[in-house]
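The values are calculated or read from the model by the stated rules, or taken from the named source; none is laboratory data. Predicted model only: the values in this text are computed from it and were never measured. So basically every Cβ, Gly included, is an ideal-geometry build from the backbone, and we count neighbours across all protein chains shown.
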């Protein structure tokens, strides 16, 4: 089943077509990797899917519903969450507050409930606490929960960003170069984590340059070059594709 | 208490109200507003005109709050897409527009302003209103809503990605901040009994910003500390020498420069000196005060 689909997606910045008529789909429960040289339009595609940009042409569908032009916050509420290439945590806030922010799409922050306890805010707080504890334990961040995000080492910051993204139990998780700057040990742990998240029912779209990781966990790989899709298939097929070898794998 | 000291306390309370509102706008949601005194002016004019028309003080004070909030909404909506310096310029423009209207409308008395406003503001009223507003705002700021606002100030794109409709919360902060300024204006007008457009200019806005930055942007206690210092400093300096008092605006500037160099996060720091100490319960502010008292006893 197609959970997310983009048809003829085009994004122009002035005269530059960062993404050029790309057809894209994501099936329920798969891990799809998006690879390609720098500047190929991978992150732009992410930004289109998460509503940061509105496509110049083309449409985006979630569960067959047209969501083109939706704002980032409403896309998040639909169950599509993401991490960023250069980590974007709320760096002056604690680890637990960062994860609580991730829960915003589920519990909101009503004005009245913030000043006096209302039945719905009490219920929301209980739910949030449960999710928070689960995420903290799941990612092994429990002992660091009071620490400011900016004080965490790099690898844990990446982990926390994933925690923020999975807190609301999303349907689709978009990871933008999650292994960037990680050592092989950390990358291995990350692979295990991504696998486990998929087994928990989260569909994953991944941008990554680490080919070991990409080929190791992807069900499908899609290759972009100069904004155009040049390959889309099983990792083994894509690895053999002459055009991909020429453009990217070398 | 002598009139002199009660006047200082009243001015301090009014300044704290102003700074608290601006702290929510600038310290939390990160919107640099240079027109905060304008909202104060709107509240002052609205409530004065209504009291003079015969309405009870509290009704007209409330009307001043509401009208100022409404203006907050009106300025917040179109300028939402603006950030940082661009928003600052826009709020500056808004202040100029309002000032020009106040200077030229006959109902506001033009440059002469409004005279003989009934004396309604007293020490008790100011203390109670400031305390209640502080408490409510503190609740709000340490709640999830406050954290959402803080998150928007830190990284708007990341907060949108977590499902936060940042425009909504930015406007909310603007409306609350403007409303508090409106209340401060109402109290001001009914204490000094005379207002004119020159009371609510850019200079006043900057003074409010000084309080917030001095106390610590984004710290719920910051406006109290900043408000007290900025209100009492010129009075304390007056006793040293009239020359010093005359140059108090220069002094503000000097204080700000020195602060930015030695402690850019403000006296209390941006992130809540007390907030992290005790996260349990709703009455932690009182508990931390009680704790302090207990410690002092033992």
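Could you tell me whether the stretch A:145-153 includes any residue that is in contact (Cβ under 8 Å) with a residue 24 or more places away in the chain, touching a strand residue (DSSP E or B) at 6+ places or on another chain (Cβ under 9 Å) and more than 10 Å from chain B (Cβ to nearest Cβ)?
So the first thing to find is which residues in the stretch A:145-153 are in contact (Cβ under 8 Å) with a residue 24 or more places away in the chain, and the list is A:145-150, A:152.
Imposing the further condition that a residue be touching a strand residue (DSSP E or B) at 6+ places or on another chain (Cβ under 9 Å) reduces the set to A:145-149.
Next, only the ones that are more than 10 Å from chain B (Cβ to nearest Cβ) stay: A:145, A:147.
Yes; the residues of the stretch A:145-153 include at least one that is in contact (Cβ under 8 Å) with a residue 24 or more places away in the chain, touching a strand residue (DSSP E or B) at 6+ places or on another chain (Cβ under 9 Å) and more than 10 Å from chain B (Cβ to nearest Cβ).
Being within 14 Å of chain A (Cβ to nearest Cβ) and part of a loop (DSSP other than H, G, I, E, B) is the filter here, so list the residues in the stretch B:161-219 that pass it.
Those that are within 14 Å of chain A (Cβ to nearest Cβ) and part of a loop (DSSP other than H, G, I, E, B): B:162, B:163, B:164, B:165, B:216, B:217, B:218, B:219.
Take the residues of the stretch A:163-193 that are in a helix (DSSP H, G or I), in contact (Cβ under 8 Å) with a residue 12 or more places away in the chain and more than 16 Å from residue A:153 (Cβ to Cβ): which is nearest to the other protein chains (Cβ to nearest Cβ)?
Once the filter is applied, the top-ranked residue is A:164.
Among residues belonging to the stretch A:58-80 that are at the interface with chain B (Cβ under 7 Å from one of its Cβ atoms) and under 20 Å from residue A:26 (Cβ atoms), point out the one that is surrounded by the most Cβ atoms within 10 Å (Cβ to Cβ).
Taking the candidates together, the pick is A:76.
Evaluate the following for residue A:120: is it out of contact with any helix residue (DSSP H, G or I) (no Cβ under 6 Å at 6 or more places or on another chain), under 16 Å from residue A:159 (Cα atoms) and assigned by TED's automatic domain parsing to the domain that holds residue A:154? Before the answer, list the steps.
Details: out of contact with any helix residue (DSSP H, G or I) (no Cβ under 6 Å at 6 or more places or on another chain): yes; under 16 Å from residue A:159 (Cα atoms): no; assigned by TED's automatic domain parsing to the domain that holds residue A:154: yes.
It is false that residue A:120 is out of contact with any helix residue (DSSP H, G or I) (no Cβ under 6 Å at 6 or more places or on another chain), under 16 Å from residue A:159 (Cα atoms) and assigned by TED's automatic domain parsing to the domain that holds residue A:154.
Limited to the stretch A:194-219, what total is found for residues that are over 27 Å from residue A:16 (Cα atoms), surrounded by 19 or more Cβ atoms within 10 Å (Cβ to Cβ) and touching a residue at least 40 places away in the same chain (Cβ under 8 Å)?
Residues that pass the stated criteria total 6.
Please give the number of the condition residue A:49 fails out of (1) more than 8 Å from every other protein chain (Cβ to nearest Cβ); (2) within 17 Å of the chain's Cα centre (by Cα); (3) under 27 Å from residue B:146 (Cβ atoms).
Condition not satisfied by residue A:49: (3).
Scanning for something in contact with a strand residue (DSSP E or B) (Cβ under 7 Å, 6 or more places away or on another chain) and closer than 30 Å to residue B:52 by Cα, does the stretch B:159-171 turn up at least one residue? Even if it seems obvious, please write down each step before you answer.
Here is the first cut: in the stretch B:159-171, the ones in contact with a strand residue (DSSP E or B) (Cβ under 7 Å, 6 or more places away or on another chain) are B:161.
From what is left, the residues that are closer than 30 Å to residue B:52 by Cα are none.
Within the stretch B:159-171 (the criterion being in contact with a strand residue (DSSP E or B) (Cβ under 7 Å, 6 or more places away or on another chain) and closer than 30 Å to residue B:52 by Cα), the answer is no, since none of the residues qualifies.
Can you pull out every residue in the stretch A:88-97 that is at the interface with chain B (Cβ under 9 Å from one of its Cβ atoms) and in contact (Cβ under 8 Å) with a residue 60 or more places away in the chain?
A:88, A:89
Going by the structure shown, is residue A:100 within 13 Å of chain B (Cβ to nearest Cβ) and either crowded, with 20+ Cβ neighbours inside 10 Å or under 16 Å from the mean Cα position of the chain (by Cα) (or both)?
Details: within 13 Å of chain B (Cβ to nearest Cβ): yes; either crowded, with 20+ Cβ neighbours inside 10 Å or under 16 Å from the mean Cα position of the chain (by Cα) (or both): yes.
In short, yes.
Residues A:121, A:91, A:114, A:105: which one is in contact with a strand residue (DSSP E or B) (Cβ under 9 Å, 6 or more places away or on another chain), part of a helix (DSSP H, G or I) and surrounded by 14 or more Cβ atoms within 10 Å (Cβ to Cβ)? Walk me through it before giving the result.
Working: A:121 fails: in contact with a strand residue (DSSP E or B) (Cβ under 9 Å, 6 or more places away or on another chain); A:91 fails: part of a helix (DSSP H, G or I); A:114 fails: in contact with a strand residue (DSSP E or B) (Cβ under 9 Å, 6 or more places away or on another chain).
On inspection, the qualifying residue turns out to be A:105.
Residue check, residue A:183 against (1) buried (at least 18 other Cβ atoms within 10 Å of the Cβ); (2) on the phi < 0 side of the Ramachandran plot, all met but one. Which one?
So residue A:183 meets the others, but not (1).
Which ones in the stretch B:127-145 are more than 7 Å from chain A (Cβ to nearest Cβ) and touching a helix residue (DSSP H, G or I) at 6+ places or on another chain (Cβ under 8 Å)?
B:127, B:129, B:130, B:133, B:134, B:135, B:137, B:138, B:141, B:142
If we scan the stretch B:115-124, do we find a residue that is more than 12 Å from every other protein chain (Cβ to nearest Cβ), surrounded by fewer than 23 Cβ atoms within 10 Å (Cβ to Cβ), more than 21 Å from the chain's Cα centre (by Cα) and on the phi > 0 side of the Ramachandran plot?
Yes; the residues of the stretch B:115-124 include at least one that is more than 12 Å from every other protein chain (Cβ to nearest Cβ), surrounded by fewer than 23 Cβ atoms within 10 Å (Cβ to Cβ), more than 21 Å from the chain's Cα centre (by Cα) and on the phi > 0 side of the Ramachandran plot.
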